[in-house]
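Accompanying notes for the structure given below.
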Amino acid sequence: MDIREFLAGDAVAVRELFVRVNRLLAPAEMKEAFEAYIARSLAEEVDRIADYYSERNGGFWVAVEDRTIVGMFGLEPAGDGAMELRRMYVDPAVRRRGIARRMLDFAELECRRRKRSRLDLSTSALQREALALYENAGYTRVREEIAEATSYRTLGGGIRRYHFTKAL
């Protein structure tokens, strides 16, 4: 598995991975809310990844195995010498093989390369595997909230969100 920068030709596969993972995360009673979140995220970020991350002096990468995108993640500046990890997803068909950990390690190295001393991230209670990954990788939970407001960054709808940080 290789991790490389996002290319324009990756757009369809990245979009499909984002949609597939988010639909799988959606509890039955929140399907409609997830569809609205997916549509907004596609319009405001995912369908314009190159521009979105370029405008913010960030970056976006894909994990590729046998010429197939199996994972993705972005980084954008978060102030105070930090970067924020965004949109980290692994194809459900290839989970439990260390891909997420390798992407997280890559993100940390990229932060150091950019002279950023901290990596911040957040995830929801729906992503138990992600919570375990971040805690096992040495991230400190700094805040917990009930996300009410909907945006392209978060579903809202009363989902519990956890915010983590790690000094690099």
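The values are calculated or read from the model by the stated rules, or taken from the named source; none is laboratory data. If you're wondering where the values come from, they're calculated on a predicted model, not measured in any experiment. Here Cβ is always computed from backbone atoms with ideal geometry, including for glycine, and neighbour counts include all displayed protein chains. The accessibility values were calculated without ligands, DNA or RNA, using every heavy atom of the protein model including side chains. Shrake-Rupley method; radii C 1.70, N 1.55, O 1.52, S 1.80 Å.
Quick notes on this structure:
- Checked against (1) within 15 Å of the chain's Cα centre (by Cα); (2) open to solvent by less than 30 Å² (accessible area, probe 1.4 Å); (3) at pLDDT 90 or above, residue 129 passes all but a single condition, namely (2).
- Qualifying residue in the stretch 152-160 (condition: among the basic types (Lys, Arg) and more than 16 Å from the chain's Cα centre (by Cα)): yes
- When the stretch 106-124 is filtered for residues that are of a type in the set (A, V, I, L, M, F, W, C) and open to solvent by less than 20 Å² (accessible area, probe 1.4 Å), the ones remaining, listed by number, are 107, 111, 119, 121.
- Residue match in the stretch 12-22 (condition: in contact (Cβ under 8 Å) with a residue 60 or more places away in the chain, crowded, with 17+ Cβ neighbours inside 10 Å and either over 22 Å from residue 75 (Cβ atoms) or not aliphatic (A, V, I, L, M) (or both)): yes
- Any hit, the stretch 97-117, residues being part of a loop (DSSP other than H, G, I, E, B), more than 18 Å from residue 135 (Cα to Cα) and among the polar types (S, T, N, Q): yes
- Residue ID - modelled with the highest pLDDT, chosen from residues in the stretch 132-164 that are among the acidic types (Asp, Glu) and in contact with a His (Cβ under 8 Å, 6 or more places away or on another chain): 144
- Leading residue by the ranking (farthest from residue 163 (Cα to Cα)) among those in the stretch 74-105 that are in contact with a Lys or Arg (Cβ under 6 Å, 6 or more places away or on another chain) and crowded, with 22+ Cβ neighbours inside 10 Å: 74
- Residue within the stretch 34-42 that is touching a strand residue (DSSP E or B) at 6+ places or on another chain (Cβ under 9 Å), part of a helix (DSSP H, G or I) and open to solvent by less than 80 Å² (accessible area, probe 1.4 Å) present: yes
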